[in-house]
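Q: Structure provided below as structure tokens; questions to follow.
Just so it is clear, none of the values below were taken in a lab; they were calculated from the coordinates. Just so you know, these numbers come straight off a predicted model, no measurement behind them. Because the Cβ atoms are built from the backbone with ideal geometry, glycine has one as well, and the counts that use them run over all protein chains shown.
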Amino acid sequence: MHKMTKDHTSVWNNCIKVIEGLVSPQSFKTWFQPIQPVRLEGQALTIQVPNKFFYEWLEEHYVHILQKTLQEELGPNARLEYLIPRKTTAPAAYKGPTLSKDLEKNYGQVPLRTEKIKNPFVIPGIKKVKVDSQLNSEYTFDSFVEGDCNQLARSAGWAVAKRPGQTAFNPLMIFGNVGLGKTHLAHAIGNEVLNGFSDKTVLYVSSERFTNQFIEALRSNAISDFVNFYQLVDLLIVDDIQFLANKQKTQDIFFHIFNHLHQKGKQLILTSDRPPKELQGMEERLISRFKWGLSADLQVPSLETRMAIIQQKMENDGVDLAHDVAEYISHNVRTNVRELEGILVSLIAQAALNRREIDISLAREVISNFVEDITTPKEVSVEQIQEIVAKHYSLSLEDLTGKSRKRYIVIARKLSMYLMKQYSDMSLKNIGLAFGGRDHTTVMHACRSIEDMLNEKPQFRQVVEQIQEKLRR
Ligand code: ADP
Ligand code: MG
């Protein structure tokens, strides 16, 4: 067909006609109707999508369709670019990867820009060798929400970023459980160093990749190139060093590189899922090196920090999240930040797919797929609850089931009833009986007043959370 005048609207309209026949009406309505064509430059069509999540969803699920239809319209070199309106600032262009390439790109994983270190075996000779840092530019200090859980590690990281190799924190060892931000923080430091010192060579490498490169170097007789390459670096970040455990030769070479860099005043940052002293299968001399600097841990974020993280992530995705929903999620997802992110992503996806509002009931559904003990708390006995609550408030069992009207005793009593209702199948009537023969309406009122308190008093909520934690064990 001969196409004379092409503009973004006509090109997109043609595409959309084809796409409409290929996807379900529901998907079409959800994912394609909201798209606006913006401009056409050569063979690059720019479309505007509502938010970043939307863009990612399209890339993940519809890239083939988009690619094919656009190529029909614009030829084999067709490209698609996305525009995502920023909420607070002026719209900024978001350049999606080109269509043909992003198929094999590492979508969905940590968005490293390149899968491989381009040339890990650069032979130094000329002074300046450009090394691809392997840093993810989205992992910055700005996007790393501060909280009690990460204060030490974050501020040490910041100090290191401002004066790499010049502080006492060398090496800086960041440790903590999975999903708590070790990798993010390590990248943030690297990015900050690159910002502040354009002449410094920064390199991020996972222990696994380091190991593989080493094995490859052994195989190809290129050990000295390997070592030379690593000795070029001004800031070396080695992620998840626990993977070096029991790899004797890799540890030896790492020890060598470590010493060289350290002596030259170069900065090392290491991460690990456990503190240095618990690194089994690691040579003593390495562990003692790790202890030279500072070991700082990352803890599970508190409720407030979880809230802040949720809000920041949703803002970045351009999604409005009601306060009560954010609160609900932060209450119920407590393990780590990665899980929190997982919940948010499915929440948006569910909302979009089923055309539902993001409210507490949707959040509850999504969370119940992730976290088991929210909707199906373990059965606990009356005695267990009474015992734990009584102990928490330093009361006797008689106080709890008796007639005292002292305020804190009343609260403890009501709370026990509430927990009974939550954690057992007992009827209100039987719960009443277990508390000194009280009426079922009393139990009902008790539960309501606890719910009100939970909504209104964050401190009380914390207490209840602590008790619930004990009950789950
Ligand atoms: P780890 O390396 O400790 O397993 P990651 O650094 O991969 O954890 O973090 C998991 C996810 O949680 C990442 O997407 C990261 O951006 C996010 N994350 C962790 N901590 C924070 C934080 N304090 N603020 C914002 N995002 C965080
Ligand atoms: Mg990690």
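Q: Work out the FRET efficiency for residue 349 and residue 178 from their Cβ-Cβ distance, taking R0 = 22 Å, and round it to the nearest 0.05.
A: Plugging the Cβ-Cβ distance into 1/(1 + (r/R0)^6) gives 0.45.
Q: Once the Cα atoms of helix 63-74 and of the chain are each reduced to a long axis, what angle between those two axes, in degrees from 0 to 90 to the nearest 10, is obtained?
A: Between helix and principal axis, roughly 40 degrees.
Q: Considering only DSSP beta bridges whose two residues both sit in the chain, what percent are antiparallel, to the nearest 5?
A: Here the antiparallel bridges make up roughly 25 percent for the chain.
Q: Rounded to the nearest 20 debye, what is the charge dipole size of the chain about its Cα centre when +1 sits on each Lys and Arg Cβ and -1 on each Asp and Glu Cβ?
A: Details: 59 positive and 56 negative charges, 142 e Å.
The dipole of the chain has a size of about 680 debye.
Q: Assuming R0 = 45 Å, can you tell me the calculated FRET efficiency for the pair residue 248 and residue 406, based on Cβ-Cβ distance, to the nearest 0.05?
A: Step by step, r from the Cβ atoms, then E = 0.10.
Q: Among 384, 467, 281, whose Cα sits farthest toward the positive end of the charge dipole of the chain (+1 at Cβ of Lys/Arg, -1 at Cβ of Asp/Glu, about the Cα centre)?
A: Going by the charge dipole, the pick is 281.
Q: Could you give the nm distance between label points at residue 387 and residue 61, where each point is 7 Å from its Cα heading toward the beta carbon?
A: 4.9 nm
Q: Further question on the same structure: When Rg is the radius of gyration of the Cα atoms in the chain and Rh is its Kirkwood radius, what does Rg/Rh come to? Don't skip to the answer; put the middle values down first.
A: On the way: Rg = 28.1 Å, Rh = 26.4 Å.
Computed over Cα atoms, the ratio is 1.06.
Q: If each residue of separation counts as 0.36 nm, what is the full-extension length gain between residue 356 and residue 52 once their alpha-carbon separation is subtracted?
A: 107.6 nm
Q: To the nearest 0.05, how large is the calculated FRET efficiency for residue 138 and residue 459 if R₀ is 30 Å and r is the Cβ-Cβ distance?
A: Calculated value: 0.30.
Q: While we're on this one: Quick check: the distance between the Cα centres of the stretch 419-473 and the stretch 162-204, to the nearest angstrom?
A: Centre-to-centre distance over Cα atoms comes out at 47 Å.
Q: Same structure again: How are the alpha carbon pair distances in the stretch 185-327 distributed across 5 Å bins from zero to the largest one, expressed in percent?
A: All Cα pairs considered, the percentages come to 2, 8, 15, 18, 16, 12, 9, 8, 6, 4, 1, 0, 0.
Q: Hey, can you grab everything whose amide H is under 5 Å from the amide H of residue 295? Only 5+ residues off in sequence or another chain; H modelled, so Pro and N-termini drop out.
A: Here 173 satisfy the definition.
Q: Sorting 364, 79 on the 10 Å Cβ count, fewest up front, what's the list? Mind showing how you got there, number by number?
A: On the way: 364 15, 79 21.
Ascending number of Cβ neighbours within 10 Å: 364, 79.
Q: On to the next question. Under the rule of -39500 (n - 2.57) per DSSP H run of 4 or more residues, summed and divided by the residues of the chain, what mean residue ellipticity at 222 nm is obtained, to the nearest 500 deg cm²/dmol?
A: Theoretical 222 nm ellipticity from helices: -15500 deg cm²/dmol.
Q: Related question: Of 58, 437, 294, which is farthest towards the positive pole of the chain's charge dipole, taken about the Cα centre with +1 and -1 on the beta-carbons of Lys, Arg and Asp, Glu respectively?
A: 294
Q: Given the Cα-Cα distance of residue 398 and residue 320 and 0.36 nm per residue of separation, how much length would full extension add, in nm?
A: Length gained between residue 398 and residue 320: 23.2 nm.
Q: Any idea how far apart residue 152 and residue 439 come out in nm if each label point goes 7 Å out from Cα toward Cβ?
A: 5.6 nm
Q: Okay, which of the stretch 271-300 sit inside 20 Å, backbone N to the point 7 Å along the Cα-Cβ direction of residue 259?
A: Counting backbone N atoms under 20 Å from the label point, the list is 282-293.
Q: How high is the relative contact order of the chain, in percent, counting Cα pairs under 8 Å that sit 6 or more residues apart? Don't skip to the answer; put the middle values down first.
A: Details: 650 pairs, mean separation 54.5, N = 473.
So the answer I get is 12 percent.
Q: Between residue 216 and residue 452, how many nm apart are label points set 7 Å from Cα along the C-beta direction?
A: 6.6 nm
Q: Still on this structure: Along the charge dipole of the stretch 151-298, pointing to its positive end and built from +1/-1 on Cβ of Lys, Arg, Asp and Glu, which listed residue (227, 156, 250) has its Cα farthest out?
A: 156
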